[in-house]
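Here is the structure we will look at.
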Amino acid sequence: MFVHLRLHTEFSVVDGTNRIDDTVKAAAADHQPALAITDLNNLFGAIKFYKEARSAGVKPILGAEVMLQGLGQDPAAVSRIVLLVQERQGYLNLCELLSRAWTANVVKAQGVCRLEWLSELGHGLIALSGAQAGPLGQPLAQGDGQRAAEVALALASVFPHRFYVELQRAGRADDESHVAGAVQLAARLNLPVVATHPVQFTREDDYEAHEARVCIAEGEILGNQRRVRRFTREQYFKSVAQMEPLFADVPSAIANT
């Protein structure tokens, strides 16, 4: 049974339009047993999400997509990983990590976690590698398997038995090359893989409204043909029946969700 472990709600102000009640209803209607919230760099929607999910009979998983420094050849470079709360101490640690990021290390108007903070506060948290936007994404895209392995092992040591190599197929040009490289890397290092779908909006026909929100956040114009489009029409809330065939070739990635 597939469980969505990546969800940006309207509390991800720059790139999410999912309303918590609508998304929880969609999960319940599809008989999904659990659902995660992973807003960008915040937990603002966590309590509302927790209450809505519990009342709908869906197990709530709290988390966040966090910015991270300290991995990669450039120590100042920023990448993204997903942290999911495993238990109460993990929730407190995630709160502390986000608070530190926003008060002690703001980069380009975003709070950024440092690798050493994860070593201190990683207990009770499950880490997903962040797919293409994560610290494994760039070395894999460059064909640098050695560097990718070093990064993966560093994160696996911070999150022992709680680090997953993240795979996504969301209609982007580099999805397949990343999946192929990530699966090979995970097999070589004996690390588990997990399939996620970056859900930015609830229904397929919400794409244009979502793009309008992104343009407002980025100071862009919707009709600009040269605008960089970072999202696809596939990034809506998909059913289990839609997700399972996407990773039929990597069944463990579905099972691990």
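The values are calculated or read from the model by the stated rules, or taken from the named source; none is laboratory data. Remember, predicted model here, so these are calculated numbers, not experimental data. All Cβ positions, glycine included, derive from the backbone under ideal geometry; neighbour counts span all protein chains shown. We work out accessible area using only protein heavy atoms, side chains counted, and drop any ligands, DNA or RNA first. Shrake-Rupley method; radii C 1.70, N 1.55, O 1.52, S 1.80 Å.
Assorted remarks:
- Matching residues, segment 95-110, being among the hydroxyl-bearing types (Ser, Thr, Tyr) and more than 20 Å from the chain's Cα centre (by Cα): Thr103
- Unique match (being of a type in the set (Phe, Trp, Tyr), touching a residue at least 24 places away in the same chain (Cβ under 8 Å) and crowded, with 20+ Cβ neighbours inside 10 Å) among Tyr236, Tyr207: Tyr236
- Counting only residues that are in contact with a helix residue (DSSP H, G or I) (Cβ under 8 Å, 6 or more places away or on another chain) and open to solvent by less than 70 Å² (accessible area, probe 1.4 Å), segment 239-252 holds 3 of them.
- Checked against (1) at pLDDT 95 or above; (2) farther than 20 Å from Val14 by Cα; (3) in contact with an Asp or Glu (Cβ under 6 Å, 6 or more places away or on another chain), Leu125 passes all but condition (3).
To keep it simple, each residue is scored yes or no on (1) within 18 Å of the chain's Cα centre (by Cα); (2) without any contact (Cβ under 8 Å) to a residue 12 or more places away in the chain.
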| position | (1), (2) |
| --- | --- |
| Gly122 | yes, no |
| Ala127 | yes, no |
| Pro139 | no, no |
| Ala148 | no, no |
| Ser157 | no, yes |
| Ala170 | yes, no |
| Val179 | yes, no |
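Rundown of residues vs (1) more than 18 Å from Gly122 (Cα to Cα); (2) over 16 Å from the mean Cα position of the chain (by Cα); (3) β-branched (Val, Ile, Thr), yes/no style:
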| position | (1), (2), (3) |
| --- | --- |
| Asp30 | yes, yes, no |
| Pro33 | yes, yes, no |
| Thr38 | no, no, yes |
| Asn41 | no, no, no |
| Tyr50 | yes, yes, no |
| Arg54 | yes, yes, no |
| Gly72 | yes, yes, no |
| Ala76 | yes, yes, no |
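- The set of residues from segment 147-172 being among the hydrophobic types (A, V, I, L, M, F, W, C) and more than 24 Å from Asp74 (Cβ to Cβ) comprises Leu167, Ala170.
- Output for segment 214-228, where each listed residue is surrounded by 11 or more Cβ atoms within 10 Å (Cβ to Cβ) and either touching a strand residue (DSSP E or B) at 6+ places or on another chain (Cβ under 9 Å) or within 23 Å of Arg169 (Cα to Cα) (or both): Val214, Arg227
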